[in-house]
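Below is one structure, written out as structure tokens; the observations come after it.
The values are calculated or read from the model by the stated rules, or taken from the named source; none is laboratory data. These numbers come from a predicted model, not from an experiment. All Cβ positions, even for glycine, are placed from backbone atoms using ideal geometry, and neighbour counts span all protein chains on display. Heavy atoms of the whole protein, side chains included, go into the accessibility calculation; ligands, DNA and RNA do not. Shrake-Rupley method; radii C 1.70, N 1.55, O 1.52, S 1.80 Å.
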Amino acid sequence: MMELSLAGLGRPPRLLFLGAHSDDIEIGCGATAMGLMERFPECEVRWVVFSGQEVREGEARHAARQILGDGIRAQVEVLNFRDGFFPAQWAEVKARFEDLKGAFEPDLVFSHRGDDRHQDHRMVSELTWNTFRDHLILEYEIPKYDGDLGQPNVFVPVSEHHRRQKVELLMAAFGSQRPKTWFSESTFEGLMRIRGVECASPTGYAEGFYARKVTLGL
């Protein structure tokens, strides 16, 4: 685990975003990512989506680029592991994590929550902890039918601008998901509103995360 301090690094931070599917990062931590890009315009980013076939690959790349912009040093990787079958592809997915470990040393990692009931999400979370054992990892949450939302212990207040930008990006970039009843503006705004209430966000909105281990530098 790593000390919770990016501003005190003495250099631009290195940020790693991991998502099982093409919209997971944007749903789970899209507004936080936007805030980080604004706060640290010289940061270095690796953005990895493990399942993004056909039209969803294009959606993933477009959405990532909208968040990252043109000035951020970023590498976006969209892989083609089969959606819903990650446990059957464990060795192959693990190998990609090992490749990533050898190529990038992040200061902060965003990944899925370990208690997520989607098997792909859980596996990405497990391999994140297997691979980046001494790093600060923030696990984001994805609302879904399974009803597995928990009680976050880390909150990032979201500005009105980033709240609106996140919701607009999700609805515009992921056309393949819009027919799903849960994929709606009210879903994404509602969850950010609840987390905002829980942390007394000055804007009323926040994104919630789960941190298993955090070191505070005093």
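When Gly217 is tested against (1) within 27 Å of Asp134 (Cα to Cα); (2) within 18 Å of the chain's Cα centre (by Cα), just one condition goes unmet, and that condition is (2). Being without any contact (Cβ under 8 Å) to a residue 40 or more places away in the chain and out of contact with any strand residue (DSSP E or B) (no Cβ under 6 Å at 6 or more places or on another chain) is the filter; apply it to segment 116-125 and report the residue that is surrounded by the most Cβ atoms within 10 Å (Cβ to Cβ). Among those that are without any contact (Cβ under 8 Å) to a residue 40 or more places away in the chain and out of contact with any strand residue (DSSP E or B) (no Cβ under 6 Å at 6 or more places or on another chain), it is Asp116. Residue-level check: of (1) part of a strand (DSSP E or B); (2) among the aromatic types (Phe, Trp, Tyr); (3) surrounded by fewer than 22 Cβ atoms within 10 Å (Cβ to Cβ), Phe110 misses just (3).
May I ask you to verify whether Lys94 is basic (Lys, Arg), open to solvent by 50 Å² or more (accessible area, probe 1.4 Å) and part of a helix (DSSP H, G or I)? When the stated conditions are applied, Lys94 does not pass them. Taking the conditions (1) open to solvent by less than 50 Å² (accessible area, probe 1.4 Å); (2) out of contact with any strand residue (DSSP E or B) (no Cβ under 8 Å at 6 or more places or on another chain); (3) closer than 30 Å to Glu105 by Cα; (4) not in a helix (DSSP H, G or I) in turn, Gln151 satisfies each one other than (1).
Here segment 44-91 is the region considered, the condition is being of a type in the set (Phe, Trp, Tyr) and open to solvent by less than 80 Å² (accessible area, probe 1.4 Å), and the residue that is nearest to Gly10 (Cα to Cα) is Trp47. For segment 43-72, the tally of residues that are closer than 22 Å to His121 by Cα and touching a residue at least 60 places away in the same chain (Cβ under 8 Å) stands at 9.
Whether a residue is out of contact with any Phe, Trp or Tyr (no Cβ under 8 Å at 6 or more places or on another chain), surrounded by fewer than 19 Cβ atoms within 10 Å (Cβ to Cβ) and assigned to a loop (DSSP other than H, G, I, E, B) was assessed, and Glu105 passes this test. The residue pairs whose first member lies in segment 18-30 and is hydroxyl-bearing (Ser, Thr, Tyr), whose second member is open to solvent by 10 Å² or more (accessible area, probe 1.4 Å) and outside any helix (DSSP H, G or I), and whose beta carbons are closer than 8 Å, counting only pairs six or more residues apart or on different chains, are Ser22/Val78.
Quick one: in segment 166-190, which of the residues that are within 18 Å of Ala63 (Cα to Cα) and of a type in the set (Gly, Ala, Ser) is surrounded by the most Cβ atoms within 10 Å (Cβ to Cβ)? The residue in question is Ala173. The single condition among (1) modelled with pLDDT of 95 or more; (2) outside any helix (DSSP H, G or I); (3) more than 18 Å from the chain's Cα centre (by Cα) that Gly208 does not satisfy is (3). Number of residues in segment 202-215 that are buried (at least 20 other Cβ atoms within 10 Å of the Cβ) and more than 17 Å from Glu139 (Cβ to Cβ) equals 1. When you check Gln151 against the structure, is it over 14 Å from the mean Cα position of the chain (by Cα) and either closer than 19 Å to Ser22 by Cα or among the hydroxyl-bearing types (Ser, Thr, Tyr) (or both), yes or no? Here the answer is no, as Gln151 does not meet what is asked.
Would you mind stating whether Arg193 is in contact with a Gly (Cβ under 7 Å, 6 or more places away or on another chain), more than 27 Å from Leu127 (Cβ to Cβ), open to solvent by 60 Å² or more (accessible area, probe 1.4 Å) and at pLDDT 95 or above? Yes: the conditions hold for Arg193.
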